[in-house]
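Colleague: I'd like to ask you about the structure that follows.
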Amino acid sequence: MTQINPTRLTSGKWHNVPLSLPGAPGNSDAIMHCFVRRSRKPGPTIFITAAMHGDELNGLEIIRRFMRSRKLGGLQGTVIVVPVVNVHGFGMGSRYLPDRRDLNRVFPGSAKGSLAARVAEVLMQEVVLHSDYGIDLHTGAIHRFNVPQIRAELDNEVVEGMARAFGVPLVLNSELREGSLRESAGQNNIPVIVYEAGEALRLDEISIKAGTQGIINVMMHLGMLNGTPKIRKEQAIADNSYWERASDSGVFQCLVKPGTYIQKEQVLARIMNPSTMEASEVRASRAGVLVGLTQLALVYEGDALFHIARYRGMHEDVAQQVERFHEELGPEFGT
Ligand SMILES: [Zn+2]
């Protein structure tokens, strides 16, 4: 490890370790702040990253609450958290870097590459490659809400164990995307799961609560924290998903709730065309559970409106699970 060396850090508290990145024009270096906590007891190292896409903010609040958790008193091993990976994008409220690249498509990065590649390389060399496990926190893109869900490659047994232990009712079996952190870590035999919840530029209380508990659950499952993870008996595994798109341009009125079971041919929305003042219906071409949807009321023909995942068997049960989950975590603010 070039900059982070946990063995030199006193155990039982958080240490802020600044990592230098290429700066903005006219400014000195930008800094990626890592917080490291180790225990005296030996154990594995886990990393938790957020704001890889600079406008995805739920992960910051999840990490803040996690860092204050009393459970950490029983830590075995080392935790490295990076609340803002995409420092440059974050400062602009942007998903991307100033070079317009998506940081999560350029891993493992390169010290001699583009700005994005250099940032990826710092995270890879300083954090990921010194870890045994990882959790990468994301939200939906701008104006797109994701029901809290885990995305993971479930063919890998360790990954599947982490994905289930996280404890949210929806798990999407998703292949590794080229250039993603998850792919690069996987190639180095470091299992990583992705938590997707909420929407860019907004904080969502249910997503934050479930995410904070999810990290603690995974660390319990890995033997890094004391206790047993609160795992839902019925978790739904989806093998594929599709987007239902707008059939017309106009004002979009959503008629369904996120997390609910959608039947084939069910009317999901109306789109009102202002030139005719007529409304057309958007129907589900296939059954499934609504795991993500647009938040915009103005849509163009072809826009992706509803993300529907197809679960193995048990559709109504899944929807009930999701509903119960939302009730349990209810929106209480102020933690
Ligand atoms: Zn993201």
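Colleague: I need the calculated FRET efficiency for the pair Asn189 and Lys112, taking r as the beta carbon distance and R₀ as 30 Å, to the nearest 0.05. Intermediate results must be reported in sequence, preceding the final value.
Modeller: Values: r = 26 Å, r/R0 = 0.85.
In this case the efficiency is close to 0.70.
Colleague: Using 7 Å Cα-to-Cβ label points, what is the Phe35/Arg312 separation (nm, one decimal)?
Modeller: Calculated label separation equals 3.7 nm.
Colleague: Restricting to DSSP loop positions (anything but H, G, I, E, B) with no more than 10 other Cβ atoms inside 10 Å of their own Cβ, which trypsin sites (Lys or Arg not before Pro) remain in the stretch 236-288? Each step should come with its number before you reach the end.
Modeller: Values: sites: Arg245, Lys264, Arg270, Arg283, Arg286; in loops: Lys264, Arg286.
Those that pass, being in a loop and sparsely packed, are Lys264.
Colleague: Over 21 Å between Cα atoms, which of Lys13/Lys209; Lys209/Lys230; Lys209/Lys264 qualify? If you can, show how the numbers build up before the last one.
Modeller: Details: Lys13/Lys209 23 Å; Lys209/Lys230 13 Å; Lys209/Lys264 32 Å.
Among Lys13/Lys209; Lys209/Lys230; Lys209/Lys264, the Cα-Cα distance tops 21 Å for Lys13/Lys209; Lys209/Lys264.
Colleague: About its Cα centre, what dipole magnitude does the chain give when the only charges are +1 on Lys and Arg Cβ and -1 on Asp and Glu Cβ, stated in debye to the nearest 20? Mind showing how you got there, number by number?
Modeller: Numbers: 36 positive and 36 negative charges, 268 e Å.
Once rounded to the nearest 20, the dipole reads 1280 debye.
Colleague: Something else about it: Quick check on the stretch 143-234: take the gyration tensor over C-alpha atoms, sort the square-rooted eigenvalues as a ≥ b ≥ c, and tell me if it's rounded (a/c under 1.5), prolate or oblate.
Modeller: Cα axes put the stretch 143-234 in the oblate bin.
Colleague: Give the residue list of trypsin sites (Lys or Arg not before Pro) in the stretch 80-147 that are DSSP loop and have at most 14 other beta-carbon atoms within 10 angstrom.
Modeller: When the trypsin sites (Lys or Arg not before Pro) of the stretch 80-147 are filtered for loop state and at most 14 Cβ neighbours within 10 Å, Arg100, Lys112 remain.
Colleague: If you build a Gaussian network model of the chain, linking Cα atoms that sit under 10 Å apart, which residue out of Ala210, Ala297, Ala269 swings the most?
Modeller: Judging by the Gaussian network model, the answer is Ala297.
Colleague: Pick from Ile62, Ile308, Ile271 the residue whose mean-square fluctuation is largest in a GNM of the chain, springs joining Cα atoms under 10 Å.
Modeller: In the Gaussian network model the winner is Ile271.
Colleague: Between Ser69, Ser28, Ser249, which gets the highest mean-square fluctuation from a Gaussian network model of the chain, Cα cutoff 10 Å?
Modeller: Residue with maximal mean-square fluctuation among Ser69, Ser28, Ser249: Ser28.
Colleague: Of Ala246, Met92, Val291, which is farthest along the charge dipole of the chain in the positive direction, counting Lys and Arg as +1 and Asp and Glu as -1 at C-beta?
Modeller: Selected residue: Met92.
Colleague: Placing +1 on the Cβ of each Lys and Arg and -1 on the Cβ of each Asp and Glu in the chain, which of Gln125, Leu201, Pro274 has its Cα farthest towards the positive end of the resulting dipole?
Modeller: After comparing all options, I get Gln125.
Colleague: A further question on this structure: Using 0.36 nm per residue of separation minus the Cα-Cα distance, give me the extension gain between Glu281 and Asn240 in nm, one decimal.
Modeller: Numbers: separation 41, 0.36 × 41 = 14.76 nm, distance 2.44 nm.
Full extension of this stretch gives 12.3 nm more.
Colleague: Tell me, in nm to one decimal, what length is gained between Lys13 and Glu328 on full extension, where the rule is 0.36 nm per residue of separation less the Cα-Cα distance? Intermediate results must be reported in sequence, preceding the final value.
Modeller: Values: separation 315, 0.36 × 315 = 113.40 nm, distance 3.14 nm.
Roughly 110.3 nm would be gained on extension.
Colleague: First select every other residue whose beta carbon is under 12 angstrom from the beta carbon of Phe306; then total the charges, Lys and Arg +1, Asp and Glu -1. Mind dumping the intermediate values first?
Modeller: On the way: positive: Arg144, Arg245, Lys257, Arg283, Arg286; negative: Glu244, Asp303.
With Lys, Arg at +1 and Asp, Glu at -1, the net is +3.
Colleague: Add -39500 (n - 2.57) for each DSSP H run of 4 or more in the chain, then divide by its residues: what number comes out at 222 nm, to the nearest 500 deg cm²/dmol? Before the final figure, lay out the partial values.
Modeller: Numbers: 7 runs with 76 residues, N = 335.
Helix contribution divided over all residues of the chain: -7000 deg cm²/dmol.
Colleague: Oh, and also: With a ≥ b ≥ c the root eigenvalues of the C-alpha gyration tensor of the stretch 6-221, is it rounded (a/c under 1.5), prolate (a/b larger than b/c) or oblate? Spell out each step's value before the answer.
Modeller: Details: a/c = 1.38, a/b = 1.14, b/c = 1.22.
It comes out rounded by the Cα gyration axes.
Colleague: Then there's this: How much accessible area does Met277 have with a 1.4 Å probe, in Å² rounded to the nearest 10?
Modeller: For Met277, solvent-accessible area is about 130 Å².
The values are calculated or read from the model by the stated rules, or taken from the named source; none is laboratory data. All figures in this text were calculated on a predicted structure; none of them were measured in a lab. In this analysis, Cβ positions are derived from the backbone assuming ideal geometry, glycine residues included, and neighbour counts consider all displayed protein chains. Ligands, DNA and RNA are excluded from the accessible area calculation, which covers all protein heavy atoms including side chains. Shrake-Rupley method; radii C 1.70, N 1.55, O 1.52, S 1.80 Å.
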